[in-house]
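A.B. asks: Sharing a structure here in structure tokens format.
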Amino acid sequence: IIPRNLLGKLRYIKDDHQFFVDSSPRAYDVFFRKGKKRGEWRTVLISGQRGGGNYYFAVDITDPNDPQILWERTDPQMGFTWSRPEIGRVKFKGEEKFVAFVGGGYTNPKESKNDNIGNSFYVIDIEDGTIIKCFNVGDKTNRIPSGATAFDKNLDGRVDAVYFGDLQGTLWKIDTSEDDIEKWKLFELFKSEGANPIFYPPAVTKNNQ
């Protein structure tokens, strides 16, 4: 299986090195609530393309011998999709829904630093690839190549918060505990001195406080 947005690059494969899908995927068992697979548990693999492009895509790998592409998704503000998707279950419009949390990506430092690309954070419906929430993070020069870490503080199976960093050295938190997704809030937790860039997801734990 080759994502459709990369098919046009195949013609150049003999000319020089081409990036296709060199990001890290994540697989998860997801309960589908709509479409032909309604009421079924499916195993879904989700990945970005890193240097290959500015798309995330999902593949149904329930039958490893017959993988099926579910969707491919991009957005005008997406850069190269470096972020390894984080997956979790949330409440959305009265229903339990499995979603992917992904960063806005990375861009070539030699290109414009004020293009408003890569400075968003997305929540994607795993069933159909719909972007159900998008946060603008920092200013137009910011980038979010790192993955996120989802945290279930009360062990009820639903994500209560998501943590991630950016290239300006800021650690962010999204409070996802509200049933109404419009009430989800983005908080700045920490900003490093010297704007040390963050390329990897944080580790999250709960202490006795």
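The values are calculated or read from the model by the stated rules, or taken from the named source; none is laboratory data. No experiment lies behind these values; they were computed from the predicted model shown. Methodologically, a virtual Cβ is constructed for each residue, glycine included, from the backbone with ideal geometry; neighbour enumeration extends over all protein chains shown. What goes into the accessible areas is simple: the full protein's heavy atoms, side chains included, and nothing from ligands, DNA or RNA. Shrake-Rupley method; radii C 1.70, N 1.55, O 1.52, S 1.80 Å.
A.B. asks: Is it the case that ILE69 is among the β-branched types (Val, Ile, Thr), open to solvent by less than 70 Å² (accessible area, probe 1.4 Å), under 21 Å from ASP166 (Cβ atoms) and not in a helix (DSSP H, G or I)? Lay out the reasoning, then the answer.
C.D. replies: On the way: among the β-branched types (Val, Ile, Thr): yes; open to solvent by less than 70 Å² (accessible area, probe 1.4 Å): yes; under 21 Å from ASP166 (Cβ atoms): no; not in a helix (DSSP H, G or I): yes.
Against the criterion (among the β-branched types (Val, Ile, Thr), open to solvent by less than 70 Å² (accessible area, probe 1.4 Å), under 21 Å from ASP166 (Cβ atoms) and not in a helix (DSSP H, G or I)), ILE69 does not qualify.
A.B. asks: While we're looking at this one, here's another question. Kindly establish whether LYS113 is touching a Ser or Thr at 6+ places or on another chain (Cβ under 7 Å), at pLDDT below 90 and either assigned to a loop (DSSP other than H, G, I, E, B) or open to solvent by less than 40 Å² (accessible area, probe 1.4 Å) (or both).
C.D. replies: Details: touching a Ser or Thr at 6+ places or on another chain (Cβ under 7 Å): yes; at pLDDT below 90: yes; either assigned to a loop (DSSP other than H, G, I, E, B) or open to solvent by less than 40 Å² (accessible area, probe 1.4 Å) (or both): yes.
In short, yes.
A.B. asks: Of all residues in region 152-182, how many are outside any loop (DSSP other than H, G, I, E, B) and acidic (Asp, Glu)?
C.D. replies: 2
To keep it simple, each residue is scored yes or no on (1) among the hydroxyl-bearing types (Ser, Thr, Tyr); (2) in contact with a helix residue (DSSP H, G or I) (Cβ under 9 Å, 6 or more places away or on another chain); (3) closer than 23 Å to ARG158 by Cα.
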site	(1), (2), (3)
ARG38	no, no, yes
THR43	yes, no, yes
TYR55	yes, yes, no
ASP60	no, no, yes
TRP82	no, yes, no
ILE87	no, no, yes
LYS93	no, yes, yes
ASN116	no, no, no
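A.B. asks: Further question on the same structure: Applying the selection to region 183-207, what residues are in a strand (DSSP E or B) and either out of contact with any Leu (no Cβ under 7 Å at 6 or more places or on another chain) or polar (S, T, N, Q) (or both)?
C.D. replies: Answer for region 183-207, where residues must be in a strand (DSSP E or B) and either out of contact with any Leu (no Cβ under 7 Å at 6 or more places or on another chain) or polar (S, T, N, Q) (or both): LYS185, LEU186, PHE187, GLU188, LYS191.
A.B. asks: What do you reckon, is ILE144 within 20 Å of PRO25 (Cβ to Cβ), touching a Leu at 6+ places or on another chain (Cβ under 9 Å) and of a type in the set (A, V, I, L, M)? Before the answer, list the steps.
C.D. replies: Details: within 20 Å of PRO25 (Cβ to Cβ): yes; touching a Leu at 6+ places or on another chain (Cβ under 9 Å): yes; of a type in the set (A, V, I, L, M): yes.
Yes.
A.B. asks: Further question on the same structure: Just checking, does region 49-66 include any residue being under 30 Å from ASN108 (Cα atoms), open to solvent by 20 Å² or more (accessible area, probe 1.4 Å), in a loop (DSSP other than H, G, I, E, B) and not hydroxyl-bearing (Ser, Thr, Tyr)?
C.D. replies: Yes - at least one qualifying residue is present in region 49-66.
A.B. asks: Here's another thing I want to ask about it. Of the conditions (1) of a type in the set (S, T, N, Q); (2) at pLDDT 95 or above; (3) crowded, with 17+ Cβ neighbours inside 10 Å, GLN168 clears all except one; give me its number.
C.D. replies: Condition not satisfied by GLN168: (2).
A.B. asks: Also, quick follow-up: Residue check: is TYR163 surrounded by 15 or more Cβ atoms within 10 Å (Cβ to Cβ), in contact (Cβ under 8 Å) with a residue 40 or more places away in the chain, closer than 26 Å to ARG38 by Cα and hydroxyl-bearing (Ser, Thr, Tyr)?
C.D. replies: Here the answer is no, as TYR163 does not meet what is asked.
A.B. asks: Right, another one. Out of the residues in region 4-44 that are part of a strand (DSSP E or B) and of a type in the set (A, V, I, L, M), state the one that is most open to solvent (accessible area, probe 1.4 Å). Break it down stepwise before answering.
C.D. replies: Taking region 4-44 as the starting set, the residues that turn out to be part of a strand (DSSP E or B) are 26-31, 41-44.
Add one more test, that the residue is of a type in the set (A, V, I, L, M), and what stays is 27, 30, 44.
Working: ALA27: 58, VAL30: 1, VAL44: 1 Å².
Going through the qualifying residues, I end up with ALA27.
A.B. asks: Continuing with the same structure: Are any residues in region 139-151 in a loop (DSSP other than H, G, I, E, B) and crowded, with 17+ Cβ neighbours inside 10 Å, and if so, which ones?
C.D. replies: Scanning region 139-151 gives ASN142, ARG143, PRO145, SER146, GLY147, ALA148.
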